[in-house]
Amino acid sequence: VNIGQWLLWGFAATIVLTTLLAGTQGLGLTRINVPYLLGSMLTPRRDRAKIYGFLMHLGLGWMFSLVYLATFHQLQRATWWLGAVIGLLHGSFVLIAGLPTLPGLHPRMANPHGGVTLHRQLEPPGFLGLNYGVQTPVSVLVAHGLFGAILGALYRI
Amino acid sequence: VVDEIQSYGVIGDGRTAALVSRSGSIDWLCWPQFDGPALFAALLDPERGGRFSISPARPCRTTRNYVDDTNVLVTRFEAGEGSATLTDLLPIASSTEDAGHAAPEHVLLRQLVCVRGMIEIDVRFEPRPRFATARVKLRAKEHGIRLELGSKLYLLRTDAPLVIVDGGCAATARLKLRSGESVSFWLVRAVEAPAVLPPLGDAVSDEIGRTIRYWRSWIARCAYEGPYREAVRRSALVLKLLSFPPSGAVVAAATTSLPERVGGDLNWDYRFCWLRDAAFTVRAFLELGYLDEAEAFVDWLMHTTRLTRPRLHVLYDVFGRPPHHERELPQLAGYRGSRPVRVGNAAAEQLQLDVYGEVIDAVAQLARHGYPLDRDTQRMLCGFGRYVCDHWSQPDNSLWEFRGPAREYTHARLLSWVALERLVELHDRGLLKRCPAERFRSERDRLRREIQRRGWSGKAGAYAQVLDGDTVDASTLLLGWYGFHDVRSRRLRANARTIRERLGAGDGLLYRYEQSRADGEGAFAICSFWLAEHLARGGGTREEARDCIDQMLGYTNDLGLFAEEIDPKSSAALGNVPQAYSHVGLINAALSLAVRDRDERRSATARAEVEVRL
């Protein structure tokens with residue numbers, strides 16, 4: 001893996017992913033706020049949680065981009081459509097496997113079948129994140145598809 | 001039929017406010033801020049507007065009050081077989097108390113407790129977002145009753161067994177509570193996920209306690225110890241409730257389109273910030289000891305006017321933007337048929353020259369308390385001064401926002417004089433550098449001559465509403481307040497006498513101008529407080545001022561709230577509620593009376609000391 005390219009394009013793709021998800025929230029397509037979702041693991045304060053969550057998302061994006069790049073090297077090609085396909089798989093994984101496990105991982109998230117407590121007050125995402133708006137799955141898939149497409153288009157093997 | 005305007009109590013969190021009827025129905029709530037779209041608007045249309053009602057199933061005696069020194073409302077339902085208390089609040093907490101747990105973006109809290117015997121209560125949750133234009137489909141899910149509208153989630157969390165009815169348009173329950181039992185209702189609005197879901201149980205009482213502590217710690221800073229202390233403190237709490245802390249703005253009222261004449265069309269949107277209220281509001285905050293709030297308000301004025309300077313708009317929204325264009329909401333029937341219901345305010349586009357004097361006077365008052373005028377502020381003040389010099393001779397729409405042709409109003413001239421007088425004062429004290437002081441001085445003197453020559457009507461024996469006119473206007477009671485004349489002067493005494501004769505509506509009430517009576521308007525609350533101030537500052541006796549304030553306090557509702565106007569025939573409240581201007585009027589009148597009391601006590605003490613020495 002070309003470290004310089006990874007750092008640069010991994011950063012760029014993560015910024016686009018975060019921006020796109022924030023944009024879909026701003027446009028009223030979904031309520032999901034990924035920085036708040038992640039950052040609220042560390043602090044209950046909304047303003048600080050968003051800052052911590054942004055940094056966490058950036059780190060995770062960089063980390064996950066390594067998997068993309070490893071796949072490109074394995075297949076000996078890096079194209080936008082290949083990146084997009086990996087991105088859609090990644091997004092599907094997040095929706096189907098990642099979000100449903102979140103109440104178990106997140107120290108402040110309410111259990112979907114249990115009560116809300118003083119320390120666990122955050123709304124669980126539900127199947128495919130549908131509790132956060134019916135367009136949430138579409139937003140997540142499109143954002144991750146674009147994330148992969150950017151990496152595929154810009155990364156050179 | 002919707003309740004009378006004075007039957008409503010108000011709760012708020014500094015972002016928005018809700019109106020609660022005597023029967024326990026929330027008939028007005030705009031989210032996320034004061035001028036946002038209404039979620040409940042039964043106040044303006046009991047059929048379609050939407051409400052959140054928690055009311056006794058059978059008629060019973062109702063009493064209510066605010067928890068002492070707070071904006072937390074408690075309504076008591078007393079039936080033969082039992083009684084219950086309903087506590088309503090928009091939770092708010094200090095930043096230190098807030099830091100320990102996740103807080104919902106926007107939340108309303110209601111707690112019902114049966115305190116004696118058994119009582120049956122009907123609950124009806126009937127949200128009608130966007131002023132009853134949105135399609136409503138409630139869904140019961142694991143954590144509460146949900147209403148999703150695009151990216152917005154409204155979630156009602158409760159331990160009451162609500163059932164969705166009317167095809168998903170409402171949720172209802174009939175509760176039978178026995179002594180000691182309680183149910184709670186959290187209504188959450190979220191635009192971000194994950195939403196914070198507040199817990200039920202003991203956490204509800206903890207939240208109520210936090211909000212009570214917030215209001216009590218705020219009012220504990222009130223330094224006022226003069227007459228009408230309780231009424232002044234309640235007015236301060238109303239003023240704080242109508243303040244928008246993120247920007248420092250203060251909205252004129254929490255509602256739109258409550259009529260100045262029931263059944264008429266004088267229905268305006270007051271959920272904005274009028275620059276006119278600046279000087280009065282700043283004085284109220286400063287004299288009560290709230291320097292931070294006064295500074296925040298003046299900072300908001302400075303920030304808001306940055307984009308349009310030196311031209312000032314009449315009103316802005318809480319973020320300092322010109323409000324949306326005025327439009328009518330035909331889907332709402334209006335308060336007791338008073339149509340149209342309007343949102344936005346066309347007065348925003350009017351020319352009202354008095355606002356310059358108000359803004360400059362507000363800054364000057366704060367400067368007297370040590371507020372630093374940085375170079376940018378000085379430049380801006382000078383810009384306003386030049387604008388006044390260039391434009392004061394123009395006709396305008398007056399402080400009363402007449403929608404007819406522009407005229408030369410005496411009040412506008414007075415405030416133009418105030419603008420230049422205060423700028424000269426600031427310059428002379430070395431606080432305003434590099435301004436055309438001589439020009440300000442000469443234009444100020446021209447204004448004084450014009451007001452004295454053309455504003456005074458020998459025929460009326462008073463200052464007239466318009467230059468060279470003969471009809472009077474209560475706004476000329478402010479000539480003394482602004483220092484244009486000594487309140488003890490022959491002219492101002494005659495002016496006040498004529499205003500009382502011509503504008504008196506009986507029992508201490510005053511119309512704002514002569515046409516009001518013919519138009520069927522109510523009496524304007526603040527005009528009576530202007531008169532009280534005139535009397536308290538030396539235009540009358542202390543007792544006359546007290547009588548005036550006493551009479552006005554008789555027109556508050558049981559919670560001490562004022563609307564904009566009062567119907568002289570029925571004493572009913574008219575216009576938007578609660579009205580910041582009316583409460584500011586009360587505070588300032590009490591402050592003036594306190595000064596008079598203090599001065600007279602000092603004089604009496606001095607006289608006594610002299611007599612002892614002799």
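Does B:Val262 meet the test of being assigned to a helix (DSSP H, G or I), of a type outside the set (Ser, Thr, Tyr) and more than 14 Å from chain A (Cβ to nearest Cβ)? Considered against the rule, which asks whether it is assigned to a helix (DSSP H, G or I), of a type outside the set (Ser, Thr, Tyr) and more than 14 Å from chain A (Cβ to nearest Cβ), B:Val262 comes out as no.
One line per residue, one yes/no per condition, for (1) under 30 Å from B:Ala333 (Cβ atoms); (2) within 14 Å of chain A (Cβ to nearest Cβ); (3) at pLDDT 95 or above:
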| position | (1), (2), (3) |
| --- | --- |
| B:Ala171 | yes, no, yes |
| B:Ser182 | no, no, yes |
| B:Cys222 | no, no, yes |
| B:Phe244 | yes, no, no |
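Residues that are among the charged types (D, E, K, R) and more than 29 Å from the chain's Cα centre (by Cα): does the range B:381-388 have at least one? For the range B:381-388, residues among the charged types (D, E, K, R) and more than 29 Å from the chain's Cα centre (by Cα): present. Pull up the range B:230-248, narrow it to residues that are assigned to a loop (DSSP other than H, G, I, E, B) and out of contact with any strand residue (DSSP E or B) (no Cβ under 7 Å at 6 or more places or on another chain), then point me to the one that is farthest from B:Leu286 (Cα to Cα). Among them, the one singled out is B:Pro246. Residues in the range A:118-132 that are more than 14 Å from A:Leu38 (Cα to Cα), within 7 Å of another protein chain (Cβ to nearest Cβ) and in contact (Cβ under 8 Å) with a residue 40 or more places away in the chain: 1 in all. Take the residues of the range A:52-72 that are surrounded by fewer than 17 Cβ atoms within 10 Å (Cβ to Cβ) and among the aliphatic types (A, V, I, L, M): which is farthest from the chain's Cα centre (by Cα)? Going through the qualifying residues, I end up with A:Ala70. Residues of the range A:36-51 that are hydroxyl-bearing (Ser, Thr, Tyr) and surrounded by 19 or more Cβ atoms within 10 Å (Cβ to Cβ): A:Tyr36, A:Ser40. Of B:Phe272, B:Phe280, B:Phe285, all but one fail to be at pLDDT 90 or above and under 19 Å from B:Glu565 (Cβ atoms); the exception is B:Phe272. When residues in the range A:106-117 are screened for being more than 7 Å from chain B (Cβ to nearest Cβ) and of a type in the set (A, V, I, L, M, F, W, C), 0 of them pass. Scanning the range B:517-526 for residues being in a helix (DSSP H, G or I) and surrounded by fewer than 24 Cβ atoms within 10 Å (Cβ to Cβ) gives a total of 3. Restricting the search to helices (runs of 4 or more DSSP H) fully inside the range A:1-105 and requiring at least 2 residues that are away from chain B (no Cβ under 14 Å), in contact (Cβ under 8 Å) with a residue 24 or more places away in the chain and among the hydroxyl-bearing types (Ser, Thr, Tyr) gives A:3-26, A:46-75. Test B:Arg311 against the criterion of being buried (at least 16 other Cβ atoms within 10 Å of the Cβ) and among the basic types (Lys, Arg), and give yes or no. Spelling it out, it is not the case that B:Arg311 is buried (at least 16 other Cβ atoms within 10 Å of the Cβ) and among the basic types (Lys, Arg).
Listed here are the residues, each with its yes/no results for (1) in a strand (DSSP E or B); (2) under 27 Å from B:Arg210 (Cβ atoms).
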{"site": "B:Val1", "(1), (2)": "no, no"}
{"site": "B:Ile11", "(1), (2)": "yes, yes"}
{"site": "B:Arg15", "(1), (2)": "no, yes"}
{"site": "B:Ala18", "(1), (2)": "yes, yes"}
{"site": "B:Pro46", "(1), (2)": "no, no"}
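Checking B:Asp69 against (1) in contact with a Phe, Trp or Tyr (Cβ under 6 Å, 6 or more places away or on another chain); (2) within 20 Å of B:Arg15 (Cα to Cα); (3) assigned to a loop (DSSP other than H, G, I, E, B); (4) away from every other protein chain (no Cβ under 14 Å): exactly one of these is not met. Which one? So the condition that B:Asp69 fails would be (1).
Of the numbered conditions (1) β-branched (Val, Ile, Thr); (2) more than 27 Å from B:Val343 (Cβ to Cβ); (3) surrounded by 21 or more Cβ atoms within 10 Å (Cβ to Cβ), B:Ile212 fails exactly one; give the number of that condition. Exception for B:Ile212: condition (3).
Against the list (1) at pLDDT 90 or above; (2) within 26 Å of B:Cys30 (Cβ to Cβ); (3) over 24 Å from the mean Cα position of the chain (by Cα), the condition B:Phe77 fails is (2). Would you mention how many residues in the range B:470-492 are touching a residue at least 24 places away in the same chain (Cβ under 8 Å) and outside any helix (DSSP H, G or I)? The qualifying residues number 9.
Here the strands (runs of 3 or more DSSP E) wholly within the range B:90-164 that include at least 2 residues being under 27 Å from B:Arg178 (Cβ atoms) and more than 14 Å from every other protein chain (Cβ to nearest Cβ) are B:106-126.
Without any contact (Cβ under 8 Å) to a residue 12 or more places away in the chain and surrounded by 14 or more Cβ atoms within 10 Å (Cβ to Cβ), is that true of A:Arg108? The answer is no for A:Arg108. Scanning the range B:279-322 for residues that are under 14 Å from B:Lys240 (Cβ atoms) and in contact with a strand residue (DSSP E or B) (Cβ under 7 Å, 6 or more places away or on another chain) yields B:Thr281, B:Glu293, B:Phe297. In the range B:189-204, the residue that is surrounded by the fewest Cβ atoms within 10 Å (Cβ to Cβ) out of those that are touching a residue at least 60 places away in the same chain (Cβ under 8 Å) and either among the charged types (D, E, K, R) or more than 7 Å from every other protein chain (Cβ to nearest Cβ) (or both) is B:Glu192. Of all the criteria given as (1) over 23 Å from B:Leu156 (Cα atoms); (2) surrounded by fewer than 17 Cβ atoms within 10 Å (Cβ to Cβ), the one not satisfied by A:His113 is (1). When the range B:300-343 is filtered for residues that are assigned to a loop (DSSP other than H, G, I, E, B), under 13 Å from B:Trp274 (Cα atoms) and of a type outside the set (Asp, Glu), the ones remaining, listed by number, are B:Thr305, B:Leu312, B:His313, B:Val314, B:Val318, B:Phe319, B:Gly320, B:Arg321, B:Pro322, B:Pro323.
The values are calculated or read from the model by the stated rules, or taken from the named source; none is laboratory data. Bear in mind that the values here come from a model prediction, so they are computed numbers and not experimental data. Neighbour counts run over all protein chains shown; Cβ positions are idealised from the backbone, glycine included.
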